[in-house]
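Take a look at the structure set out below.
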Amino acid sequence: MVLFQRCALKNLILPSPYCRGWGVLPVSKSYITEFAFFLLLGHRCTGYSTISGIPGVRERTLIAVKPDGVQRRLVGQIMQRFEQKGFKLVGMKMLQASEELLSQHYQELRRKPFYPSLLYYMTSGPIVVMVWEGHNVVRTSRIIVGDTNPSEAQAGTVRGDFSIHISRNVVHASDSVEGAQREIQLWFHQKELMDWDCYNHNSTYEL
Ligand code: TYD
């Protein structure tokens with residue numbers, strides 16, 4: 001609250017919309033009204049879970065750019081899909097995954113005939129794993145990513161636009177909220193995830 005109110009105060013006397021830079025701004029009546037509004041509602045601006053009352057604003061999902069996506073230099077374009085949607089990146093790292101980690105990640109697929117080749121491909125090079133946060137992020141990410149089989153994936157989805165065959169479908173996205181929680185814990189330590197404030201949170205959610 002204090003941070004947000006400080007931000008509001010700065011906006012009162014400074015020109016920058018997001019509290020960057022210093023300068024002089026004539027204090028208009030509307031700014032004073034706005035400031036009073038921020039003071040009154042300051043308690044609602046302390047964090048994402050309380051800021052808008054929208055359930056699931058802090059929902060998180062695991063997205064991974066698979067080895068083919070990294071090799072094909074698609075990391076930036078894939079990240080852009082999530083950023084431009086409005087989701088918030090709260091964790092990211094590049095690594096070469098071990099078989100052990102992947103066998104836990106894909107624990108439900110261990111008996112599938114394609115599992116050995118999936119493991120071979122997933123350990124063939126570096127991957128980029130990310131955690132994205134936002135309202136309904138798990139379900140929406142699955143839509144952004146598209147069908148598991150790229151031949152079925154709609155144009156405009158990541159798999160629809162960047163891949164042809166199911167064995168090289170460039171990206172992973174958690175398929176349920178519970179699955180996402182399990183996968184995030186598997187791939188990230190708590191300290192690797194950042195809680196940070198979006199200055200323009202009210203451009204994405206109703207306050
Ligand atoms: P799955 O969890 O079913 O799909 P998704 O990644 O969309 O959640 O499968 C995991 C990965 O296994 C999938 O992204 C690609 C690979 N795969 C195959 O190689 N062949 C297959 O027949 C299937 C179903 C998946």
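Just a few scattered comments:
- Value of relative contact order over segment 60-192, rounded to a whole percent, pairs C-alpha under 8 Å and six or more apart: 37
- Taking the centroid of alpha carbons for each part, segment 57-91 and segment 148-205 are 6 Å apart.
- Counting charges near D68 (Lys, Arg +1; Asp, Glu -1) among other residues having Cβ under 15 Å from its Cβ returns a value of +4.
- Whichever aspartates and glutamates have a C-alpha closer than 12 Å to that of K88, once near sequence neighbours (fewer than 8 apart) are set aside: E59, E133, D195, D197
- Dipole moment magnitude, nearest 20 debye, segment 58-207 about Cα centre, only Lys, Arg, Asp, Glu C-beta charged: 320
- Prolate/oblate/rounded call for segment 60-192, Cα gyration tensor, a/c under 1.5 rounded: rounded
- Paramagnetic label zone (point 7 Å from Cα along Cα-to-C-beta, W196; backbone N under 13 Å) in segment 56-82: none
- Selection of GluC sites (Glu not before Pro), segment 99-153, meeting DSSP coil and at most 16 other Cβ within 10 Å: E152
- Signed unit charges on C-beta, dipole axis of segment 70-207, positive-most listed residue P116, S203, I78: P116
- Inter-probe distance in nm under a simple model that places probes 7 Å from Cα toward Cβ, at L207 and Q71: 4.9
- Placed amide H near V171: partners under 5 Å, 5+ positions off or other chain: K66
- Where labels lie 7 Å past Cα in the beta-carbon direction, separation of H189 and R110 in nm: 2.7
- When nucleic acids and ligands are ignored and a 1.4 Å probe is applied, R168 ends up with an accessible area of around 110 Å².
- Cα gyration tensor shape of segment 63-139, rounded if a/c is under 1.5, else prolate or oblate by comparing a/b with b/c: prolate
The values are calculated or read from the model by the stated rules, or taken from the named source; none is laboratory data. All figures in this text were calculated on a predicted structure; none of them were measured in a lab. FYI the Cβ positions are ideal-geometry reconstructions off the backbone, even for glycines, and counts take in every protein chain you see. Side chains included, ligands, DNA and RNA excluded: accessible areas come from the protein's heavy atoms. Shrake-Rupley method; radii C 1.70, N 1.55, O 1.52, S 1.80 Å.
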